[in-house]
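One structure is given here, and the rest of the page talks about it.
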Amino acid sequence: MSSVVQSHDNENIVWHTHQVDKAYRSTQKKQRPCVLWFTGLSGAGKSTVAGALESRLAELGYHTYLLDGDNVRHGLCKDLGFSAEDRRENIRRIGEVARLMADAGLIVLSAFISPHRQERQLVRDLLPTGEFFEVFVDTPLDVCEQRDPKGLYKKARAGELRQFTGIDSEYEKPLQPEIHLSAGEHDIESLVSICIEALRKQQVI
Ligand SMILES: Nc1ncnc2c1ncn2[C@@H]1O[C@H](COP(=O)(O)OP(=O)(O)O)[C@@H](O)[C@H]1O
Ligand SMILES: [Mg+2]
């Protein structure tokens with residue numbers, strides 16, 4: 001069994017191990033499942049780089065799934081708002097989904113601001129050692145603010161949007177990300193190549 005077996009407070013709920021397990025699926029797919037967790041400010045380029053990387057991986061024949069920010073709020077996390085508690089629950093659910101998808105044998109990419117170290121650590125702890133890759137999309141705030149594709153920084157500066165990361169809510173930079181992208185200085189293709197190189201070095205692909 002290669003999966004992390006989760007415990008439950010209720011002793012009547014017991015983990016059932018199945019024959020077709022993660023190792024089996026991984027062999028079948030000829031790939032090492034993992035989670036590539038993109039983090040960074042709004043507008044940093046998380047969705048763009050994760051999407052371009054997913055396309056490159058798909059071209060190379062890998063099986064992937066990209067979990068992206070706002071999309072999960074339409075369904076899985078529809079009932080959640082933006083309070084500290086709800087943000088934490090949002091990330092916890094996404095982490096659990098990412099874990100299930102990695103268990104299904106996929107290379108999972110996720111693109112959420114995920115501003116707090118503690119919540120990123122929570123997801124890291126859900127996965128076996130070596131399967132969580134923190135990808136820091138490190139774009140300076142002024143570059144993100146200039147891009148402002150959704151007009152959110154403008155709203156935040158005008159006080160129409162509260163608790164906006166980078167403006168009146170802190171972004172805690174990763175201390176030791178597995179992949180660090182100076183994303184304000186490179187084009188998308190170069191950033192994708194840096195990721196591919198790192199994944200080859202770590203023997204994910
Ligand atoms: N490396 C880059 N160079 C130039 N523009 C970029 C780069 N990465 C992203 N962008 C642009 O910045 C904007 C925000 O990117 P996006 O991926 O939506 O950010 P995020 O998902 O982090 O909020 C988009 O308009 C995108 O085209
Ligand atoms: Mg995005």
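Only the coordinates and a few stated rules stand behind these numbers; no lab work does. This one's a predicted model, so the numbers in the text were calculated from it and none came from an experiment. Every residue, glycine among them, receives a Cβ derived from its backbone with ideal geometry; neighbour counts consider all protein chains shown.
Work out, step by step, the length gained on full extension between Asn71 and Ala104: first 0.36 nm times the residue separation, then minus their alpha carbon distance; give nm to one decimal.
Details: separation 33, 0.36 × 33 = 11.88 nm, distance 2.07 nm.
That pair, Asn71 and Ala104, stretches by 9.8 nm at full extension.
Over 25 Å between Cα atoms: which of Lys150/Lys201; Lys46/Lys150; Lys46/Lys201; Lys29/Lys173; Lys78/Lys173; Lys46/Lys155 fall into that group?
Working: Lys150/Lys201 36 Å; Lys46/Lys150 14 Å; Lys46/Lys201 22 Å; Lys29/Lys173 34 Å; Lys78/Lys173 27 Å; Lys46/Lys155 21 Å.
Result: Lys150/Lys201; Lys29/Lys173; Lys78/Lys173 exceed 25 Å.
Treat the count of other C-beta atoms within 10 Å as a stand-in for reagent exposure and order Val35, Val204 from fewest to most.
So the residues, fewest neighbours to most, are Val204, Val35.
When you count, for each residue, the other Cβ atoms within 10 Å and take the mean per peptide, how do 120-128, 134-142, 195-203 rank with the highest first?
134-142, 120-128, 195-203
Check cross-link reach from Lys22 to the lysines: straight Cα distance under 18 Å, and skip same-chain residues fewer than eight apart.
Lys30
Restricting to DSSP loop positions (anything but H, G, I, E, B) with no more than 14 other Cβ atoms inside 10 Å of their own Cβ, which chymotrypsin sites (Phe, Trp or Tyr not before Pro) remain in region 32-108?
Passing sites in region 32-108 are Phe82.
Tabulate in residue order the Karplus-calculated ³J(HN,Hα) for region 117-124, using 6.51 cos²θ - 1.76 cosθ + 1.60 with θ = phi - 60°, rounded to whole Hz; enter x for Gly and Pro.
So the Karplus estimates, Gly and Pro as x, are 4, 4, 6, 5, 5, 4, 5, 4 Hz.
Below 8 Å, C-alpha to C-alpha, sequence gap of six or more: please give me the relative contact order for region 1-92 in percent. Provide the component values of the computation, followed by the final result.
Values: 40 pairs, mean separation 12.9, N = 92.
Rounded, it is 14 percent for region 1-92.
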